[in-house]
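One structure is given here, and the rest of the page talks about it.
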There are 2 protein chains.
Amino acid sequence: MGERVKYELGEDRIPRVWYNIAADLPPPPPVLHPGTGKPIGPDDLAPLFPMALIAQEVSTEREIEIPDPVREIYRMWRPTPLYRARRLEQALGTPARIFYKYEGVSPAGSHKPNTAVAQAFYNKQEGVKKLTTETGAGQWGSSLAFAGGLFGLEVKVYMVRVSYNQKPYRRALMETYGATCVASPSNETNSGRAILAQDPNSPGSLGIAISEAVEVAAQSGDTKYSLGSVLNHVLLHQTVIGQEAIEQMEAADAYPDVVIGCAGGGSNFGGIAFPFLGKKLREKRDVRVIAVEPAACPSLTRGRYAFDFGDTGHLTPLVKMHTLGSTFIPPGFHAGGLRYHGMSALVSHCKELGLIEARAYHQNPCFEAGVLFARNEGIVPAPESNHAVKAAVDEAVKAREEGKATTILFNLSGHGHFDMQAYIDYLGGKLVDQDYDAKALEASLAQLPKVAAE
Amino acid sequence: MGERVKYELGEDRIPRVWYNIAADLPPPPPVLHPGTGKPIGPDDLAPLFPMALIAQEVSTEREIEIPDPVREIYRMWRPTPLYRARRLEQALGTPARIFYKYEGVSPAGSHKPNTAVAQAFYNKQEGVKKLTTETGAGQWGSSLAFAGGLFGLEVKVYMVRVSYNQKPYRRALMETYGATCVASPSNETNSGRAILAQDPNSPGSLGIAISEAVEVAAQSGDTKYSLGSVLNHVLLHQTVIGQEAIEQMEAADAYPDVVIGCAGGGSNFGGIAFPFLGKKLREKRDVRVIAVEPAACPSLTRGRYAFDFGDTGHLTPLVKMHTLGSTFIPPGFHAGGLRYHGMSALVSHCKELGLIEARAYHQNPCFEAGVLFARNEGIVPAPESNHAVKAAVDEAVKAREEGKATTILFNLSGHGHFDMQAYIDYLGGKLVDQDYDAKALEASLAQLPKVAAE
C-alpha cells in the first residue's frame, strides 16, 4: 500500500484541556446589558446558564481542563479521523496536499456533540433537570438530545417550523434520543404567541426559536438554556478538533499553509482554527486561516462590526460582532446551519485583528464541490461543510496554477445524510443562487441598537 | 479514564486475505442448471460475472489474497472500529460483556461496500464497462454506486418501485455517487414489461428487480451483473469483518462466547461469523453463533432446505438453501434488507451441519432494542441491524439471570440515517408485528422446482 490516507489517534490522545484563545488575544469588547448599556456580570447570565459555563465564557485561562466524564463520552467517537484526500487531489491534478478532519463520525453526525456533551455535563452537575434550546436544520437539536439523554436531562427543542415540517427525519432522530421537539413559533411561550398573533402561518426563524427557548429557561428554576454556537464557551469546547488535527498533521509529517472552516455562528470554524491561531500567536507559526460563509448570509464579508442582539425577540445581551442586523432575513438556501445574522464575538474579534480571512460562496458551486468530493472520497458532506470543501478545492486549484505544493487543511464538520433533499435539488438543477436583498440589509443595519460605548 | 471502549486498528492491519470457509467444510451441494438439472460450470455464469469472481465462487482455497487496489480503497473506512457497549451493559445491569463491530462507518453506511469495491475492481480488470444490480431499501445500490464511481464503471440500479417512491434520499445518494436508478418493474426489460402488463401498478419486489438486472447484463457484451448478498464470493469479501474482530477482541483481551449477526441473504452474518467458525473448525475454539432473522420472513427457522431459484423470473441457477420459495411474499416490515425468500448456500450449509443457531424476532421488539441502544451508545442502528441488537440484549439478559459473565459480540451492520421513517412509525406506535401467511408459505413451498438430485 502507498502512504497513509487516514491518521487516527488512540483514545488516550483525546485532548485533556480545551484551548482558550482569549488568553492569547487582546481583550475583546465587553458584552453589554441591553437595558443599561453597561457590561453584564455573571449574575445576569445565571438564569440561563450554569456557573461553570459562565466562568468559561469570561475566562482568560489558556487551558481549561476537560472533566473526566466528558472525556469518557468523547471516547465514543473521538479522536475523530484526519484524512488525506488523495483521490480528490488526483481528480484536481493539483500538487497541493489536501487534508480534512472529519467530525461526521459523531453519533449525531457533526461537530456539535463536542459542546453538547460538555454543556449537558455542567448543567447536570449544578442540579439542572431540563434544557431548552433552538434548532434550525436539526444538527444542534439532535446533538443536545443525544447528550441530554446520556446525563438523564430532559431536553426540549424549539425547531424552526419550516424545518420541523421539511425535516421529519432530523426530528425523529431527536425523539429517538428521547428529546421533545416542538415547532417554533409555538403557543407555549409569550414570544411564540406574539408572533403567531401577527401571523398564524409564520414559518419561524432561528431568532424566534432562540427567544422561545430563552424565555422558558428564564422562567423556570430547574431549567437552563443551551446554545450550539456563537458563545465563547461553545467555541472553547470545539477546540478539541484543532488540537487533535495538530497532532495528526504531525503524524502526517505536515503542517497546514491554509486552514479552512465554514462559518455560521462560528463554532466549527473556531474549533479547527483557534488551536492553529494559538500557535501563530505564541510560536509565530505562520498559517492562513479562511472562514467561509454563504453569499446569501454574509455576516463576516458584508456585515457590520457592531453591538447587536443574538435573537429576534431581543431577550439576549448585546455582543459586538459582525452582524447583518437581528431583523435580517436571508433568502432561502440549504445550509440551514449557516443562516444566522451574527457571528461569534471571538471570530469577529480575530477578523478585526487581521488574523483570519473571510470569503463567501453561492450554494451551487458549493454543491458542485461537494459532489466532486463525494465521488472521490466517499463521504457526502453536509451542505454547510460543502462551503469548506469549495474553498479547499479553490485553494488546490490555485496551487496547481501557481505550481505550489500548498498544504491545505479543512474541517469537514458533518455528513449530509439528513440533507439529501438538497442534493436532489442540486442534481435536478433546481437550486437558485440568490443574493441577499441589499436594501433589506441596509434597513436591518439601520435598526442596530444604539450603544453609548461605541 | 476507565478501560477502553473503542478498539481501533491501524491501516496496516486491514486483512491481506479473505477467509474462505468452504476450505474448512465438507463440500456443499452443487449449483444446478435449471434446464438440465445438472451442476453448472464457470461458462454458465460467464455472461453475468467476471471470471475472477466465478473462480472465487467455487474456490476451496482457505485464503484468497485481497488485491492491493481493493485494500487501498478499504483504507477509506477500514479497519472499522470494535466497541465495548459499556453503557448498554450498565443499562441492562448485566455481568455480560457486550462488544460490537461497527460497519456503519463506511461511505454508504453499511458493510455492503466491502464486496461492492471488490466486485467493481474485478469487473473493471476484465474490461467491463457497466454494472447492473437490484436494490430494495437501497443499502446495496448505494454501495455499488459508490464503488462503481471509484473505478469509472457505469452503474444502473433497479430499485424496487415501492422503495423507489418511499426512499427518495437513498436514491439521491446513489445519484450523488453518479449511478442511474430506475423503478422496478420498468419498461426497459422483458421481465419488467411482463409484470407491468399484468399489473401496471405493481409495487415490485427484490425478485423482480433481480430478474431485470440479470436480463440486461445477460444481453450485453460489456455489461455484467452484481449481487450484494447470498453468493459465496460476496460472503467471502465480507470476512474482513470477522478477521478484524478477532484481532480487536484479542486487543480487548477477550474472546466471544456468542457471535451474533442479522441474516437476510446472509452476507453480514457470514462476514462476522465465518472467521470465528473457522477457528472453531480448525482450532476447536468453542463459540455459539446465532443468525437472527425477521419473524415475517424466516427462511432459516421456517424455510425448507431445498434447491430453489434466486429470483422471481427464474433466470438464475438453482441453489440448495433454506428457502421460503421464490413466490413467497413476506408481509410488510421495515428491515428491507432482510426481505429475501432464500438464504446464502454457505450459511444454509452451516445450519444443516449444526454449526450455527437461528432465531426470528418480530420488528417491534427489535426497534425497542435499537432505541435502547441508540440512547446508550449514540448510534441509531439500521432496522436490519436491530435484529442483531435484540439478540445481543436477550443474551445479555440471560447472562444476568444466570449470573454468567458471558462475552457477546455482534455485528452492527449499518446505521439507520436513511431509515428514520421506521423509527417515526415505531415511536408513534404504528408498527405492526405481522406474521407471515402460513398458507401462502405452504403454497410457495409446494411450487419449489423438482430436482432429480434431491
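Going through (1) open to solvent by less than 10 Å² (accessible area, probe 1.4 Å); (2) out of contact with any Leu (no Cβ under 8 Å at 6 or more places or on another chain); (3) farther than 15 Å from B:His387 by Cβ one by one, B:Leu315 falls short only on (1). Of all residues in region A:43-65, those satisfying the criterion of being within 24 Å of the chain's Cα centre (by Cα), open to solvent by 80 Å² or more (accessible area, probe 1.4 Å) and more than 17 Å from A:Val230 (Cβ to Cβ) are A:Met51, A:Thr60, A:Glu61, A:Arg62, A:Glu63, A:Glu65. Checking each residue in region B:73-105 for being away from chain A (no Cβ under 14 Å), assigned to a strand (DSSP E or B), in contact with an Asp or Glu (Cβ under 9 Å, 6 or more places away or on another chain) and open to solvent by less than 10 Å² (accessible area, probe 1.4 Å) picks out B:Ile98, B:Lys101. When region B:365-417 is filtered for residues that are of a type in the set (Val, Ile, Thr) and in contact with a strand residue (DSSP E or B) (Cβ under 9 Å, 6 or more places away or on another chain), the ones remaining, listed by number, are B:Ile379, B:Val380, B:Val389, B:Val393, B:Thr406, B:Thr407, B:Ile408. The residue that is nearest to the other protein chains (Cβ to nearest Cβ), among those in region B:1-42 that are part of a helix (DSSP H, G or I) and open to solvent by 50 Å² or more (accessible area, probe 1.4 Å), is B:Asp12. The lone criterion from (1) part of a loop (DSSP other than H, G, I, E, B); (2) within 14 Å of chain A (Cβ to nearest Cβ); (3) open to solvent by less than 40 Å² (accessible area, probe 1.4 Å) left unmet by B:Gly149 is number (1). Of the set (1) open to solvent by less than 10 Å² (accessible area, probe 1.4 Å); (2) within 12 Å of another protein chain (Cβ to nearest Cβ), all apply to A:Pro168 but (1). Of all the numbered requirements in (1) open to solvent by 10 Å² or more (accessible area, probe 1.4 Å); (2) modelled with pLDDT under 95; (3) part of a loop (DSSP other than H, G, I, E, B), A:Leu355 misses one, and that requirement is (2).
Which condition does A:Ser163 not pass, out of (1) buried (at least 18 other Cβ atoms within 10 Å of the Cβ); (2) in a loop (DSSP other than H, G, I, E, B), if it passes all the others? Among (1) buried (at least 18 other Cβ atoms within 10 Å of the Cβ); (2) in a loop (DSSP other than H, G, I, E, B), A:Ser163 violates only (2). Residue count for region B:399-427, restricted to those that are within 14 Å of another protein chain (Cβ to nearest Cβ) and not hydrophobic (A, V, I, L, M, F, W, C): 9.
The lone criterion from (1) touching a residue at least 12 places away in the same chain (Cβ under 8 Å); (2) within 11 Å of chain B (Cβ to nearest Cβ) left unmet by A:Asp68 is number (1).
State the number of residues belonging to region A:171-186 that are assigned to a loop (DSSP other than H, G, I, E, B) and either within 11 Å of chain B (Cβ to nearest Cβ) or over 17 Å from A:Ser220 (Cβ atoms) (or both).
Matching residues across region A:171-186 total 4.
Take the conditions (1) away from chain A (no Cβ under 14 Å); (2) in contact with a helix residue (DSSP H, G or I) (Cβ under 7 Å, 6 or more places away or on another chain); (3) crowded, with 24+ Cβ neighbours inside 10 Å; B:Ser205 misses just one of them, which is (2).
Does region A:256-272 contain any residue that is farther than 30 Å from B:Asp425 by Cα, in a helix (DSSP H, G or I), without any contact (Cβ under 8 Å) to a residue 40 or more places away in the chain and of a type in the set (Val, Ile, Thr)? Before the answer, list the steps.
Kept after step one, since they are farther than 30 Å from B:Asp425 by Cα, are these residues of region A:256-272: A:256-272.
Now narrow it down to the ones that are in a helix (DSSP H, G or I): A:267-272.
Next cut, without any contact (Cβ under 8 Å) to a residue 40 or more places away in the chain only: none.
So far as region A:256-272 goes, no, none of its residues is farther than 30 Å from B:Asp425 by Cα, in a helix (DSSP H, G or I), without any contact (Cβ under 8 Å) to a residue 40 or more places away in the chain and of a type in the set (Val, Ile, Thr).
Selection of region A:211-235 for residues being open to solvent by less than 10 Å² (accessible area, probe 1.4 Å) and closer than 22 Å to A:Ile290 by Cβ yields A:Val234, A:Leu235.
Output the qualifying pairs, or none if there are none: Cβ atoms under 7 angstrom, residues six or more apart or on different chains, first residue in region B:88-114 and at positive phi, second residue of a type in the set (D, E, K, R) and open to solvent by 10 Å² or more (accessible area, probe 1.4 Å). Filtered contacts from region B:88-114: B:Gly93/B:Arg400.
Return yes when B:Asn376 is touching a helix residue (DSSP H, G or I) at 6+ places or on another chain (Cβ under 7 Å) and within 14 Å of chain A (Cβ to nearest Cβ) and no when it is not. Here the answer is yes, as B:Asn376 does meet what is asked. Within region B:201-217, residues that are at pLDDT 95 or above sit with their Cβ atoms under 6 Å from residues that are surrounded by 22 or more Cβ atoms within 10 Å (Cβ to Cβ) and acidic (Asp, Glu), at 6+ positions apart or across chains, in these pairs: B:Ala213/B:Glu134. Would you call A:Val451 at pLDDT below 95, surrounded by 13 or more Cβ atoms within 10 Å (Cβ to Cβ) and away from chain B (no Cβ under 13 Å)? It is true that A:Val451 is at pLDDT below 95, surrounded by 13 or more Cβ atoms within 10 Å (Cβ to Cβ) and away from chain B (no Cβ under 13 Å).
Closer than 27 Å to A:Leu150 by Cβ and in contact (Cβ under 8 Å) with a residue 12 or more places away in the chain: which single residue out of B:Ser344, B:Ser413, B:Ser348 fits that description? Step through it out loud before you land on a result.
Working: B:Ser344 fails: closer than 27 Å to A:Leu150 by Cβ; B:Ser348 fails: closer than 27 Å to A:Leu150 by Cβ.
After applying the criteria, what remains is B:Ser413.
Within region A:375-390, the residues that satisfy the criterion of being surrounded by 24 or more Cβ atoms within 10 Å (Cβ to Cβ), part of a helix (DSSP H, G or I) and more than 17 Å from the chain's Cα centre (by Cα) are A:Glu377, A:Lys390.
Would it be correct to say that B:Leu48 is within 14 Å of chain A (Cβ to nearest Cβ), of a type in the set (A, V, I, L, M) and not in a helix (DSSP H, G or I)? I'd like the intermediate steps shown before the answer.
On the way: within 14 Å of chain A (Cβ to nearest Cβ): no; of a type in the set (A, V, I, L, M): yes; not in a helix (DSSP H, G or I): yes.
Spelling it out, it is not the case that B:Leu48 is within 14 Å of chain A (Cβ to nearest Cβ), of a type in the set (A, V, I, L, M) and not in a helix (DSSP H, G or I).
Criterion applied to B:Lys279, B:Lys320 was being assigned to a strand (DSSP E or B), of a type in the set (Lys, Arg), surrounded by fewer than 23 Cβ atoms within 10 Å (Cβ to Cβ) and modelled with pLDDT of 95 or more, and the one residue passing it is B:Lys320.
Is it fair to say B:Glu188 is farther than 19 Å from B:Ala120 by Cα, open to solvent by 20 Å² or more (accessible area, probe 1.4 Å), in contact with a Leu (Cβ under 7 Å, 6 or more places away or on another chain) and touching a residue at least 12 places away in the same chain (Cβ under 8 Å)? So B:Glu188 does not fit the description; no. The residues of region A:421-442 that are open to solvent by less than 70 Å² (accessible area, probe 1.4 Å), in a helix (DSSP H, G or I) and without any contact (Cβ under 8 Å) to a residue 40 or more places away in the chain, listed by number, are A:Ile424, A:Ala438.
The values are calculated or read from the model by the stated rules, or taken from the named source; none is laboratory data. Worth saying up front: this structure is predicted, and the values here are computed from it rather than measured. Because the Cβ atoms are built from the backbone with ideal geometry, glycine has one as well, and the counts that use them run over all protein chains shown. Ligands, DNA and RNA are stripped out before the accessible areas are found, and what is left, the full protein with its side chains, is counted by its heavy atoms. Shrake-Rupley method; radii C 1.70, N 1.55, O 1.52, S 1.80 Å.
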